[in-house]
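Visitor: One structure follows; several queries about it will come next.
The values are calculated or read from the model by the stated rules, or taken from the named source; none is laboratory data. Source: prediction; values computed, not measured. Note that each Cβ is placed from the backbone with ideal geometry, even for glycine, and that neighbours are counted across all protein chains shown. We work out accessible area using only protein heavy atoms, side chains counted, and drop any ligands, DNA or RNA first. Shrake-Rupley method; radii C 1.70, N 1.55, O 1.52, S 1.80 Å.
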Amino acid sequence: MTAVARAGRAARRGVLPALVRSPRGAVTGGFLLLLLLACALAPVSAPADPLHQDLHHVLQLPTTGHWLGTDSLGRDVLSRLLYGGRSTLVGVAEGVAAQLLVAVPLGVTAGYLGGRFDRIVMRAADLVMSVPAIVILLAILSIFDRSITAAMITFGVLGGSGMLRMVRGTAMAVRRELYVSAAELLGLSRTQIVFRHILPRCRGTVIVQSSLFAAVSIGVQTGLTFIGLGPPPPAPTWGGMINESVLTVTEDPWLLAPAGVLIALTVLALGILGDVVRDVTAQSHTSSGGLLAKPVSRRAVPPRMLPGPDPVLLSLRDLAVSFRTPAGDAEMLTRVSFDLDSGQTLGLVGESGSGKSVTARTILRILDRNGTVTAGTVRFRGRDLLSAGQRELEELRGSRIALISQEPMTALDPSFRIGAQLREIVRRHGKLSRRDADRRVRELLATVELPDPEEIARRFPFQISGGMAQRVAIAAALAGSPELLVADEPTTALDVTVQADILALLRRLQRETGMAVLIVTHDWGVVADFCTHVAVMYAGEVVESAPVAEIFDRSAHPYTRALIATSPENATRRTPIRAIGGSVPPPGARPSGCRFRDRCPMAEEDCAEREIPMIGIRAGHRSRCIHTKALEAHG
Amino acid sequence: MLRLIANRIAMSIPLLLLVSLIVFALEALVPGDAAQTILGQNATPASVAALSKQLGLTEPWFERYGHWLAGAVHGDLGTSIINGVDVTSSLATRTGVTLSLLVPGLLLSAVVGIALGFAAAVRGGLLGRFIDLVTLLGFALPGFWIALIMVIVFAVRLGWLPATGYQPLTEDPLGWLRSIVLPVIALSLNGITAVAKQTRDAVLDVLEADYVRFLRANGVSSRSLHYRHVLRNAAIPVVTSLGLIAVGMLTGAVFIENVFVLPGLGSLATQATLDHDVPLILGVGVVLTLAVILVNFLIDIAYGFLNPKVRVS
């Protein structure tokens, strides 16, 4: 599920319930609500008249009579704060309202219509963004005779560029989605589409932007009243109270605290509220500076006995990996086991979401920050990689295990020339002078059959094609003469003609160097051409592993059979390509017992009863299915 | 690169026009006129009319705008309606003070903000959480309030630095430095926070980029990844955001100048606002807008330098 789809779902479910369920949301929302009520009901909630002077009790510290003390004229500080909050909060509300009125209609229209209107609006938004708002605010305050209302409305309009931009982006994204095109074809009018499909999706963005803008406006409103441009004294304002406290600050610094702290708390609450809404409406790795977020922890993996001499090259046992998501921990991998020995090529096969790439990344310990290994071992020549330190890993990567990845166009740093990046990798693997390293870079580029290595080395990654980029990536991976190459869908993103070239290159290189290859793919043609062994993955576990001939001739798992049967290579003319019904269940929705049983044509009642273990079929062939006999009889 | 710069220059003229036009148009929209506001509600209609005529307010606003514009092109921004002083010359003496806050403030925000945001993203752990806490406080506490606290602590209690006042750089470099230390720090806190947050987000994004994973998997050390590849790529969005942060800093500068009683554009504009002296406010607006244009210009150059796509093509 994409972040956008998730955001859409959250928006439909309603932001408020999700907000209340999150502790941060409940606390900050509760505080703001309380403040709002206390200020709105100031005539009732305030203990005293904010203007009532009591010159016998000036500059008091907090007492039972005056919870926050009194100011230099003996006025009750708490009451002044509550009354002063009214002008601040009303000002902020006016600013936010003005911003919504300008930014949302313009943003939605520009994003939905696109074209010329969009260009003009965005150009204007760019321009307004650079206007020094304070100058306009001062002019307004001068012309409208210190009207904070006029100033805050203006500030709302001037500050609307950010919200406009975000709303426009959302509207554009929604417009491109299939269901909106479908709705258009069904004859829904533009207005209906805007109200039914686009606006609900913008809700999260709008709330986030509004609360951040409210936080900023409080700073501006209190600042303006602080420098005396708000309602004239004795009317209480938060900024004004800070200003008044300056005169007596040496005798009584306490007076600085109440208004300052209240302003800070309000700004903080609004800022955190925005972050929480962003987190519940869309996945994001940044929360309110992570202050209240859970830390990433890597659960310790107990060390195990080292095996005997000359252990297998790569051995995974019962590997389990979890990802931390806003919706809770998701166990992406459970009990993944397989072996790969020198010179072999193992194909890791399965649908999207089965955990192939996560497995590949775990081997190199390059999981994203929110991923954690929770159980199992990854041994490389007997050494447990999961307990290896940072230093050891850095020495191992590239020189013993290397990677080529799915998207060659994004595999290279866009800010550095190809030659510089390769040179850096080459020099990691051996002490070479700059000149020798450059020579080695040219050799490597020639090895991967790139014409004119000199020229390629001078280019930036965005100046070469995908096929060339994958060759450069292979050159980078070869630089350290690795014993194992992990290839994560190396051809998926390439044109069909280029795919064959890259595979041929990989085959040639493997033959010449003798390295083992772990190739992640969902292309059975690649498996047939290239692999000696296959491990089929489904919903986070290996369901079948066998030598490649066995898999094609005598597969012992219904999922493998279905995968092979639905492969485009096996389609014949004029018959539609078959597909497996349903999709891979996400971590939270896996059925008990056999995870494939919901989609399996051969499922029986006993498939649901217990976890299915890997069962030995023949030497080197294991399957996670309890009905293999029936399957073989089936043919 | 050249296109980028040409584009920026093309944008700067409408920006200047926009700021001045807004002010003139607003003034025309308001019921009554400046003369009435200056003289107060109790003034006789005759005296208001006389002052109006004297100030040239009887002309339609767009004609006045035309006159103002014609003068502005030649560096003449009109005269103050309060004391008749030439606006351009009042600005000249005050611009240096405000620049003494803005330039070091922006540099400090960029350097400290990037360092903090980078450390928070890369290190995590206790240091990361401490930085998160500091940036959260910097976001929440109003700059002028922090300025007052700093005055109490460092100027009044400890007596290390002056509480108020300004020494020109050319006359007394050390005095200048002492007079701007506290204001610049107070002004920068919000900027540091904003830059740190931007940097943190950008670094976390880049850390999960395909190329970082690829380079890491093929042996590039964490050290090189962080300080060469991640920092370089994360700098692009951060540098872009500096333009907006600079605009926000102008607002902060007006408040901070009032706290420290610095004779800069901010305190001039504040007084002008209280006096309804629109030509003076407008003059400040022109100077500050020019400052924004200059900052954006420098940012474009930095952006072009950081982003090879712009540099090469």
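Visitor: Across 5 Å bins from 0, what is the distribution of all Cα-Cα pair distances for region B:233-313, in whole percents?
Guide: Bins of 5 Å from zero give 3, 14, 19, 18, 14, 10, 9, 6, 4, 2, 0 percent of pairs.
Visitor: Treat every Asp and Glu Cβ in the protein assembly as shown as -1 and every Lys and Arg Cβ as +1, leave all other atoms uncharged, and give the resulting dipole magnitude about the Cα centre to the nearest 20 debye.
Guide: 2480 debye
Visitor: Determine the shielding of peptide A:410-421 by partner chains: average, over its residues, the number of Cβ atoms on other chains within 10 angstrom of each Cβ.
Guide: That works out to 6 on average.
Visitor: Here's something else I'd like to know. From Cα pairs below 8 angstrom and at least 6 apart in sequence, can you work out the relative contact order of chain A, rounded to a whole percent?
Guide: 11 percent
Visitor: With a 1.4 Å probe and all protein chains left in place, how much of the accessible area of the protein assembly as shown comes from carbon and sulfur atoms, in whole percent?
Guide: Carbon plus sulfur share of accessible area: 62 percent.
Visitor: Moving to a separate point now. Just how large is the dipole of chain B about the Cα centre, in debye to the nearest 20, putting +1 at every Lys and Arg Cβ and -1 at every Asp and Glu Cβ?
Guide: So the magnitude is around 1500 debye.
Visitor: If you take the accessible area of A alone, add that of B alone, and subtract the area of the pair, what total do you get in Å², probe 1.4 Å, to the nearest 100?
Guide: The contact between B and A buries close to 7300 Å².
Visitor: About the Cα centre, and with charges only on the beta carbon of Lys, Arg (+1) and Asp, Glu (-1), how big is the dipole of region A:534-633? Nearest 20 debye, please.
Guide: Using Cβ point charges on Lys, Arg, Asp and Glu, region A:534-633 gives about 300 debye.
Visitor: If packing is taken as the average number of other Cβ atoms within 10 Å across a peptide's residues, how do B:59-67, A:373-381 rank, most packed first?
Guide: Per-residue Cβ counts within 10 Å, averaged per peptide and sorted highest first, yield A:373-381, B:59-67.
Visitor: Which one of B:Pro279, B:Pro183, B:Pro14 has the biggest mean-square fluctuation once chain B is modelled by GNM with Cα springs under 10 Å?
Guide: For chain B, modelled as a Gaussian network with Cα springs under 10 Å, the answer is B:Pro14.
Visitor: Would you grab the residues whose amide H sits under 5 Å from the one on B:Thr79? Only those 5+ places off in sequence or on another chain, please, with H modelled 1.01 Å from N.
Guide: HN-HN under 5 Å from B:Thr79: B:Val87.
Visitor: Along the three principal axes, how long is region A:96-163 when you take its alpha carbons, biggest first, rounded to the nearest angstrom?
Guide: Cα extents, longest axis first: 41, 21, 16 Å.
Visitor: Rank-order A:171-181, A:350-360, B:139-149, A:43-53 by packing density, defined as the average count of other C-beta atoms within 10 Å over each peptide's residues, highest first.
Guide: Packing order, densest peptide first, comes out as B:139-149, A:350-360, A:171-181, A:43-53.
Visitor: Let me ask another. From the P(r) of region A:15-286, can you give the percent of Cα pairs sitting at distances over 33 Å?
Guide: 32 percent
Visitor: Same structure, new question: For B:149-155, what's the mean count of beta carbons from other chains sitting within 10 Å of each residue's beta carbon?
Guide: Taking all residues of B:149-155 together, the mean is 2.
Visitor: Select from chain B the helices, each a whole stretch of DSSP H, whose alpha-carbon atoms run 24 Å or more along the helix axis and whose Kyte-Doolittle mean is at least 0.0; answer none if there are none.
Guide: Helix filter hits for chain B: B:2-29, B:87-123, B:173-207, B:231-259, B:278-306.
Visitor: Just to confirm my numbers, what's the Cα centroid distance between region A:155-184 and region B:254-277 in Å?
Guide: Spelled out, the Cα-based centre of one part sits 39 Å from the other.
Visitor: Considering the dipole of region A:15-286 built from charges on the beta carbon (Lys and Arg +1, Asp and Glu -1) around the Cα centre, which of A:Val206, A:Ile136, A:Val96 is farthest to its positive end?
Guide: Farthest towards the positive pole: A:Val206.
Visitor: Just going by the charge dipole of the protein assembly as shown, with Lys and Arg at +1 and Asp and Glu at -1 on Cβ, which of A:Leu367, B:Gln41, B:Ala234 is farthest out on the positive end?
Guide: Farthest towards the positive pole: A:Leu367.
Visitor: What percentages, rounded to whole numbers, describe P(r) for chain A computed over all alpha carbon pairs with 20 Å bin width beginning at zero?
Guide: 15, 35, 31, 16, 3, 0
Visitor: Please identify the DSSP H helices in chain A that span no less than 27 Å along the helix axis (Cα) and have a mean Kyte-Doolittle hydropathy of -0.5 or more.
Guide: A:77-113, A:199-226, A:256-281
Visitor: Using a cut-off of 26 Å between alpha-carbon atoms, which lysines can reach B:Lys197, once sequence neighbours fewer than 8 places away in the same chain are excluded?
Guide: Those lysines meeting the cut-off are A:Lys294, B:Lys309.
Visitor: Other chains' Cβ within 10 Å of A:389-402 residues: what's the mean?
Guide: Counting Cβ atoms of other protein chains within 10 Å of each residue's Cβ and averaging gives 3.
Visitor: Which far-off residues, 5 or more places away or on another chain, put their amide H under 5 Å from the one on A:Leu188, with H placed in the peptide plane?
Guide: Amide H to amide H, under 5 Å and 5 or more residues apart or across chains, A:Leu188 pairs with nothing.
Visitor: What whole-number distance in Å separates the alpha-carbon centres of region A:382-423 and region A:232-278?
Guide: 51 Å
Visitor: Rounded to the nearest 0.05, what FRET efficiency is calculated for B:Val181 and B:Asn83 with R0 set to 25 Å and r the Cβ-Cβ distance?
Guide: Working from the Cβ atoms, E equals 0.15.
Visitor: Still on this structure, please answer the following. Could you state the accessible area per residue of chain A in Å², with a 1.4 Å probe and every protein chain left in place?
Guide: Per residue, chain A has 44 Å² of solvent-accessible surface.
Visitor: Which of the listed residues, A:Val20, A:Gly162, A:Thr70, is farthest toward the dipole's positive end in the protein assembly as shown, when Lys, Arg count +1 and Asp, Glu count -1 at the beta-carbon?
Guide: Value: A:Val20.
Visitor: Something else now. Report the extension gain between B:Leu137 and B:Ala25 in nm, rounded to one decimal, defined as 0.36 nm multiplied by the number of residues separating them, less their alpha carbon distance.
Guide: Roughly 36.4 nm would be gained on extension.
Visitor: Before rounding to the nearest 500, sum -39500 (n - 2.57) across all DSSP H runs of length at least 4 in the protein assembly as shown and divide by the residue total; then give [θ] at 222 nm in deg cm²/dmol.
Guide: Mean residue ellipticity, 222 nm, calculated: -19000 deg cm²/dmol.
Visitor: Hey, another quick one. I need the phi-derived Karplus couplings for region B:80-85: 6.51 cos²θ - 1.76 cosθ + 1.60, θ = phi - 60°, integer Hz, Gly and Pro marked x.
Guide: Here the 3J(HN,Hα) series is 4, 7, 8, 10, x, 6 Hz.
Visitor: Can you order the peptides B:131-138, B:258-265 by their average number of other Cβ atoms within 10 Å per residue, highest first?
Guide: Top to bottom by mean Cβ count within 10 Å: B:258-265, B:131-138.
Visitor: Would you pull out the residues with amide H under 5 Å of A:Glu541's amide H, same chain only if 5 or more places away, H placed 1.01 Å from N?
Guide: Those lying under 5 Å, H to H, from A:Glu541 are A:Thr334.
Visitor: Rounded, prolate or oblate, given the Cα gyration tensor of chain B, with a/c below 1.5 counting as rounded?
Guide: Cα axes put chain B in the prolate bin.
Visitor: Counting heavy atoms of the protein chains only and a 1.4 Å probe, report the per residue accessible area for chain B as a whole number of Å².
Guide: Normalised by residue count, the accessible surface of chain B is 44 Å².
Visitor: Please list, in order, the residues from region A:62-105 whose amide nitrogen is less than 14 Å from a point placed 7 Å along the Cα→Cβ vector of A:Leu55.
Guide: A:72-75
Visitor: Rounded, prolate or oblate: which fits region A:534-633, taking a ≥ b ≥ c as square roots of the Cα gyration tensor eigenvalues, rounded meaning a/c under 1.5, else prolate when a/b beats b/c?
Guide: oblate
Visitor: Calculated FRET efficiency, B:Ser47 and B:Asp172, Cβ-Cβ r, R0 60 Å, to nearest 0.05?
Guide: After rounding, the FRET efficiency stands at 0.85.
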